1. Name the residues whose placed amide hydrogens come within less than 5 Å of the amide hydrogen of T41, ignoring near sequence neighbours (fewer than 5 apart) on the same chain.
2. If you bin every alpha carbon distance in the chain into 10 Å steps from zero, what whole percent lands in each bin?
3. Residues of the chain: accessible area per residue at 1.4 Å, in Å²?
4. Which loop trypsin sites (Lys or Arg not before Pro) in the stretch 1-69, with loop taken from DSSP, have no more than 11 other Cβ atoms within 10 angstrom of their Cβ?
5. Go ahead and estimate [θ] at 222 nm for the chain from helices alone: -39,500 (n - 2.57) per DSSP H run with n ≥ 4, summed, over the residue count, rounded to 500.
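The values are calculated or read from the model by the stated rules, or taken from the named source; none is laboratory data. Note that the structure is a prediction, hence the values are computed from the model and not measured. When we count neighbours, we look across all protein chains shown, and the Cβ atoms used for this are built from the backbone with ideal geometry, even at glycine. The accessibility values were calculated without ligands, DNA or RNA, using every heavy atom of the protein model including side chains. Shrake-Rupley method; radii C 1.70, N 1.55, O 1.52, S 1.80 Å.
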Amino acid sequence: MDTTTAINTIPKLLRNVAAYIHSGDSTFMLRRGQNEYEPITYKETFQKLNAVAAWLHTQGIKKGDRVAFLIENSPEWVIF
């Protein structure tokens, strides 16, 4: 692991953990389903992170801009 690279964002932290500790198919978190908890993998989390980032870019949001999200309490808030 390159210890000189700053890990100053949640996506960087997650990518670092996935690359050096877990695989992309490892469980990142559990989401409550109908009758049981369902795993969400690091790979799925990155896909959602990238989709949100791409959408923000299409809305004119750029690095350094501040954004607020109003969302209900759920595991998915990690993606934002």
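1. F28
2. For the chain, the binned pair fractions read 15, 42, 33, 8, 0 percent.
3. 81 Å²
4. Those that pass, being in a loop and sparsely packed, are K62, K63, R66.
5. Result for the chain, helices only: -11500 deg cm²/dmol.
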